[in-house]
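K.L.:
Structure incoming, see below.
No value in this document is a laboratory result; all are computed from the given coordinates. Keep in mind that what you see is a predicted model, and the values were worked out from it rather than measured. Using ideal geometry, Cβ is built from the backbone for each residue, glycine included, and neighbour counts are taken over all protein chains shown.
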Amino acid sequence: MSNKGLLVVISGFSGVGKGTVVKRLVSEYGYSLSISATTRAPREGEVDGREYYFKSVEEFRNLIDYNGFIEWAQYVDNYYGTPRKFVEQEMAQGHDVILEIEVQGAMNIKKQYKDAVLIFLTAPDANSLRERLAGRGTETEEVIAKRMRRAKEESLDMDVYDYIVVNDDLDACVSTVNSIIVSTKCLKANNLKFMEDIKEELQKQ
Ligand code: 5GP
């Protein structure tokens with residue numbers, strides 16, 4: 001099969017539990033996770049280099065100038081970007097890499113990496129989304145309102161994604177996303193070279 005890693009984009013509404021789903025995918029199935037850079041302040045318990053690389057605006061702009069990101073975007077007053085080096089190295093070594101990024105970044109990745117699979121996680125309905133966001137208790141009303149407005153905008157871009165998965169039951173959601181990744185790796189379109197090689201080998205037998 002293709003010996004190049006697959007790029008897996010996971011997006012979803014703020015508060016939908018993307019972080020938990022992604023952590024489970026990494027610990028249970030061994031996917032590589034790209035750690036983004038951001039200019040937003042760390043939340044309580046977040047560690048530099050674990051959740052994010054926390055950068056000043058100036059440092060972030062420098063990284064943009066040096067082509068240090070495969071994509072970057074502005075989201076609710078802050079910048080977020082995917083460091084290029086880690087992703088390229090991991091993929092070259094045949095590891096599948098998960099990017100947990102928002103929709104502008106996802107579109108950008110789709111333009112550059114045609115094989116990437118784009119997965120959108122959603123809550124079952126808008127009310128439960130708001131409840132989850134308020135329930136996290138780490139954000140002010142103003143931030144919650146901003147993120148709800150952003151979710152409204154993001155819902156308009158859901159059709160950019162290849163797959164939509166409802167995160168109602170965590171175990172089911174993790175297992176569904178893993179199945180999508182496994183299936184994508186088996187797609188004919190992602191294995192053209194493998195097929196050609198094995199055909200050629202068999203002709204020689
Ligand atoms: P949060 O501040 O809640 O950690 O993240 C806010 C949003 O930024 C989330 O939708 C998250 O997926 C997205 N995000 C995190 N890292 C990146 C990145 O490197 N690029 C882009 N485009 N979005 C990101």
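K.L.:
I'm a student and want to see the number: the projected area of the Cα convex hull of the stretch 54-181, averaged over all directions, in nm². Present the calculation step by step, with values, prior to reporting the outcome.
P.N.:
On the way: hull surface 36.4 nm².
Quarter of the Cα hull surface area: 9.1 nm².
K.L.:
Express the relative contact order of the stretch 63-149 as a whole percentage, based on alpha carbon pairs under 8 Å and six or more residues apart in sequence.
P.N.:
After rounding, I find 19 percent.
K.L.:
If exposed means no more than 15 neighbouring beta carbons inside 10 Å and the site is in a DSSP loop, what's the longest run of the chain without any exposed GluC sites (Glu not before Pro)?
P.N.:
The longest uninterrupted stretch comes out as 52-205.
K.L.:
Mind checking which lysines have their C-alpha under 29 Å from LYS204, skipping anything on the same chain fewer than 8 residues away?
P.N.:
By straight Cα distance, LYS204 reaches LYS4, LYS185, LYS188, LYS193.
K.L.:
I would also like to ask the following. Determine ³J(HN,Hα), in whole Hz, for all residues of the stretch 109-119 in sequence, where each value follows from phi through the Karplus function 6.51 cos²θ - 1.76 cosθ + 1.60 and θ = phi - 60°; x replaces Gly and Pro.
P.N.:
5, 4, 5, 8, 10, 5, 7, 4, 10, 10, 10
K.L.:
For the stretch 125-205, with equal point scatterers placed on the C-alpha atoms only and solvent neglected, what are the log10 I(q)/I(0) values from the Debye formula at q = 0.14, 0.19, 0.23 1/Å, to two decimals?
P.N.:
Results for the stretch 125-205 at q = 0.14, 0.19, 0.23 Å⁻¹ read -0.70, -0.98, -1.13.
K.L.:
Could you state the per residue volume, in Å³, of the convex hull enclosing the Cα atoms of the stretch 52-107?
P.N.:
Per residue, the Cα convex hull of the stretch 52-107 comes to 89 Å³.
K.L.:
Tell me which chymotrypsin sites (Phe, Trp or Tyr not before Pro) from the stretch 1-73 have a DSSP coil assignment and no more than 12 other beta carbons within 10 Å of their own.
P.N.:
Passing both the DSSP loop test and the Cβ count: TYR66.
K.L.:
For the stretch 141-193 and the stretch 32-103, write down the distance between their C-alpha centroids in whole Å.
P.N.:
Comparing the Cα centres of the stretch 141-193 and the stretch 32-103, I get a distance of 19 Å.
K.L.:
So if we plug the beta-carbon distance of LYS204 and ASN3 into 1/(1 + (r/R0)^6) with R0 = 30 Å, what FRET efficiency do we get, rounded to 0.05?
P.N.:
Working from the Cβ atoms, E equals 0.90.
K.L.:
Using only Cα atoms, what is the ratio of the radius of gyration of the stretch 1-123 to 2.2 N^0.38 Å?
P.N.:
For the stretch 1-123, the normalised Cα radius of gyration comes out at 1.02.
K.L.:
Take the eigenvalues of the Cα gyration tensor for the stretch 1-50, scale each by 5, and report the square roots as semi-axes in whole Å, largest first.
P.N.:
Working: eigenvalues 109, 37, 28 Å².
Value: 23, 14, 12 Å, ordered largest first.
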